[in-house]
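Scroll down for the structure; my scribbles are underneath it.
Each value in this text was obtained by applying a stated rule to the coordinates, not by laboratory testing. Given the structure is predicted, the values throughout are model-derived calculations rather than measurements. Cβ atoms come from the backbone with ideal geometry, glycine included; neighbour counts cover every protein chain shown.
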Amino acid sequence: MSLIEVRNVSKQFGGLAALTDVSFVLNKGEILGLIGPNGAGKTTMFNVINGFYPPTKGDVLLKGEKVSNLKPHVLCKLGVARTFQVVKPLQRMSTLDNVIASAFIRTKSKAQAEEISMEVLKFTNLYEDRMFISKGLPLGKRKRLEIARALATKPEIILLDESFAGLNPTEINEQIEIVNKIRTDKGITILIIEHHMRVIMSISDRIVVLSYGQKIAEGTPLEIGRNPVVIEAYLGEAHNA
Ligand SMILES: Nc1ncnc2c1ncn2[C@@H]1O[C@H](COP(=O)(O)OP(=O)(O)OP(=O)(O)O)[C@@H](O)[C@H]1O
Ligand SMILES: [Mg+2]
């Protein structure tokens, strides 16, 4: 069953076509990778899916219902959570309070929000850091805090925007484990943007490739890895990097 359907979506910023006629589905229970060169339109796709921008053309459907013009907080209530490419914790608050602030979308009770947050902090291996001011956390933990904040909204779908960027190999392995657990233990469906090829090839069931705002390929990691169009547009450069 498709949870999200992106149907012929275009997004124009003035004269710039950030997305042109992009269609794909996100099926329940899958990890779908979204890859492509810098400026390909990946983050814009997230911004359209979670209601930051309305599409210029086309529609986003959630479980068959059009949600293209709903605002991010409404989509969050409907079960669509996201992380940001540039991490945005509430800098002067503790790790715990950052997560609690997100948990309030599901409950008015402080005790319940705290209970949700403690569970999420344990799940993301941040429990020991709960009293630290988030500004002082190293990047790896701030990236995980972004995921924790998204999980505290109890989503059905999570959109991860470059959650592995800037991490060292140990942090990458820890993060892979957490992303896999989000699916297996919590049953959450995942759409993930990532430049890190080892990560995206190993965790995705399927991959959609964007280039200059257009979908140029879609398939299993194996199919994408040997697709000449993808190698030409992106992988050649990423493999060499
Ligand atoms: N709010 C905006 N106003 C104007 N142009 C924008 C806006 N947001 C994105 N763009 C442009 O749209 C294009 C796609 O940007 P986007 O951030 O979606 O790319 P991306 O695939 O996420 O790239 P990266 O891998 O570097 O994160 C770029 O040319 C970008 O400059
Ligand atoms: Mg981006």
Exercise. Calculate how steeply helix 169-184 sits against the longest principal axis of the alpha-carbon atoms of the chain, using the helix alpha-carbon long axis, and give the answer as 0 to 90 degrees to the nearest 10.
Key: 90
Quiz item: When the chain is treated as a GNM, springs tying every alpha-carbon pair under 10 Å, which of Phe13, Phe52, Phe123 comes out with the largest mean-square fluctuation?
Solution: Phe13
Practice problem: Could you list, in their original order, any pairs among Lys110/Lys186; Lys42/Lys215; Lys88/Lys135; Lys63/Lys154 whose Cα atoms are separated by more than 20 Å? | Solution: Lys110/Lys186
Practice problem: Treating only the Cβ atoms of Lys and Arg (+1) and Asp and Glu (-1) as charged, compute the dipole magnitude of segment 79-160 about its Cα centre; round to the nearest 20 debye. | Solution: 260
Quiz item: By the gyration tensor of its Cα atoms, with a ≥ b ≥ c the square roots of the eigenvalues, what is the shape of segment 11-74: rounded for a/c under 1.5, prolate for a/b over b/c, or oblate?
Solution: oblate
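Kindly provide the trypsin sites (Lys or Arg not before Pro) of segment 1-75 that DSSP labels as loop, not H, G, I, E or B, and whose Cβ sees at most 16 other Cβ atoms within 10 Å. Could the numbers behind the result be given before it?
Working: sites: Arg7, Lys11, Lys28, Lys42, Lys57, Lys63, Lys66; in loops: Lys28, Lys63.
Answer by residue number: Lys28, Lys63.
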Exercise. Quick one: check the C-alpha center-to-center distance for segment 1-68 versus segment 182-220, whole angstrom.
Key: 14
Practice problem: With r as the distance between the Cβ atoms of Val74 and Asn38 and R0 = 35 Å, compute the FRET efficiency 1/(1 + (r/R0)^6) and round to 0.05. | Solution: 0.70
Practice problem: Describe numerically, in nm with one decimal, the distance between label points set 7 Å from Cα along Cα→Cβ at Glu174 and at Lys63. | Solution: 3.5
Quiz item: Over segment 27-117, what relative contact order in percent results from Cα pairs under 8 Å that are six or more residues apart?
Solution: 16
Quiz item: Can you work out the FRET efficiency for the pair Ala165 and Glu115, with r the C-beta to C-beta distance and R0 = 25 Å, to the nearest 0.05?
Solution: 0.20
Practice problem: Quick one: angle between helix 110-123 and the longest Cα principal axis of the chain, in degrees between 0 and 90, rounded to 10, please. | Solution: 60
Self-check item: Förster radius 45 Å - calculated FRET efficiency between Phe104 and Tyr212 (Cβ-Cβ, nearest 0.05)
Solution: 0.70
Quiz item: For the chain, what is the charge dipole size about the Cα centre, in debye to the nearest 20, if Lys and Arg each add +1 at the Cβ and Asp and Glu each add -1 at the Cβ?
Solution: 760
Self-check item: Estimated [θ] at 222 nm from DSSP helical runs (n ≥ 4, -39500 (n - 2.57)) normalised by residues in the chain, nearest 500
Solution: -10000 deg cm²/dmol
